[in-house]
Amino acid sequence: MNRRSGLALSMLVMSLWMGQTALTETGLFSVAWGVASVTLTCLSGTILAGVYEPEAIPDEELSPLASRILVAMLLIGVIVSLLLLLL
């Protein structure tokens, strides 16, 4: 997994959290947070698809340990989010 993928996946998880927050709030904050969530989702999707390539991030490979930690953090975040939704 390269650093661009890690950045895009973390942005995607953040946008999911922002979207959930936007759906639970009311008023102008909800609209602003929803727009920011959709924008972040689109940006992370373009990075994952390879349409947009940030120049500041070097195209180096992460070590296998860092990749495993990133995947573990992603899985834990998904599991915790599902548990919060169920409770």
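Within the accessible area of the chain, what % is carbon and sulfur when the probe is 1.4 Å and the other protein chains stay in place?
Values: 4560 of 6200 Å².
Solvent-exposed carbon and sulfur of the chain make up 73 percent of the total.
Leaving out ligands, DNA and RNA but keeping every protein chain, what accessible area does Leu12 have, in Å² rounded to the nearest 10, with a 1.4 Å probe?
Per-residue accessible area (Leu12): approximately 60 Å².
Keeping all protein chains in place, calculate the accessible area per residue for the chain (probe 1.4 angstrom), answer in Å². Spell out each step's value before the answer.
Numbers: 6200 Å² over 87 residues.
Heavy-atom SASA per residue in the chain reads 71 Å².
In terms of the Cα gyration tensor, with a ≥ b ≥ c the square roots of its eigenvalues, is the chain rounded because a/c is under 1.5, prolate because a/b exceeds b/c, or oblate?
On the way: a/c = 3.69, a/b = 1.42, b/c = 2.60.
The shape class here is oblate.
The values are calculated or read from the model by the stated rules, or taken from the named source; none is laboratory data. Please read all numbers here as calculations on a predicted model, not as lab measurements. Surface accessibility is based on the protein's heavy atoms, side chains included, excluding ligands, DNA and RNA. Shrake-Rupley method; radii C 1.70, N 1.55, O 1.52, S 1.80 Å.
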